[in-house]
Amino acid sequence: MMVFPLMMVIGSPLSGYLTDRVGPEILVLAGLALLSITQLMYMFMNQHTPIWYYVVATAIMGLGNSLFQSPNNTMVMSSVTKENLGVAGSLNSFARNLGMVLGISLATTILYAAMSQAYGKHVTTYIAGRADIFAYGMKITFFGAFLLCITALFLTVWRIYKQGGRKKTL
């Protein structure tokens, strides 16, 4: 479980440094691509998946998240005037927190709906002795996460294209 935070500790300062050197756009795209790949990797996990596969997927997710967060904040904050930095910062923080709350709720809803569908009756908890049902629910949940990540990736590509390509910020 420490793989993700360790990759964030390593990747976040590197991401901040690279944002200042190459601009945020390429890092946001790379981060979203890595997050999308990770969701696909998680989709193929089951109760027989070796631990090293999970560690690699989680490391990629930590790196992807660290490559995305700082440059995305830079893109948001550099898109407003100096007079609106406070409002932009608070809205950025609100959107991040709302996304976490709604993401957890949506993921849990998808998980139990998929488990219920696979089991044939309403499920509200882990079913002892039926790891296959849980794995199926997780596969569907990670597919939903993949769709969100890939949508964010395409929207970011479109936004960068519409603004005229990469810009050096700061």
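Every number here is computed from the coordinates shown, using simple stated rules; none is lab data. All values reported here derive from a predicted model rather than from experimental measurement. No Cβ is skipped: glycine too gets one built from the backbone with ideal geometry, and neighbour counts run over all protein chains shown.
Report those helices (runs of 4 or more DSSP H) wholly inside region 7-124 carrying at least 2 residues which are in contact (Cβ under 8 Å) with a residue 60 or more places away in the chain, under 19 Å from the mean Cα position of the chain (by Cα) and surrounded by 14 or more Cβ atoms within 10 Å (Cβ to Cβ).
Result: 24-43, 51-77.
Which one of Leu147, Leu155 is in a helix (DSSP H, G or I) and more than 18 Å from Met45 (Cα to Cα)?
Exactly one of Leu147, Leu155 is in a helix (DSSP H, G or I) and more than 18 Å from Met45 (Cα to Cα), namely Leu155.
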